[in-house]
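In what follows, a single structure is set out as structure tokens and then discussed.
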């Protein structure tokens, strides 16, 4: 009647879901790093939080091989 396609999810909802997924991924990576390495500087936490999704995914894989904070810094 109004020309609306109600079969597709609104863009705002899709974007909110994506933002939530990204934030969840950041939170998970930070928790895993803390569990693996213990506490580390806020500056490093901020740098991890600023990474793109692709970079976070790469970091998530790489952190399995980390043994100390120097590995994260590298």
Binned at 10 Å starting from 0, the alpha-carbon pair-distance distribution of the chain in whole percents comes out as 17, 42, 18, 12, 8, 3, 0
Ellipticity estimate at 222 nm from DSSP helix runs (n ≥ 4, -39,500 (n - 2.57)) divided over the chain, nearest 500: -21000 deg cm²/dmol
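Read-outs: derived from the displayed coordinates by stated rules, not from any lab. Just so it is clear, the model here is predicted, and its values are computed rather than measured.
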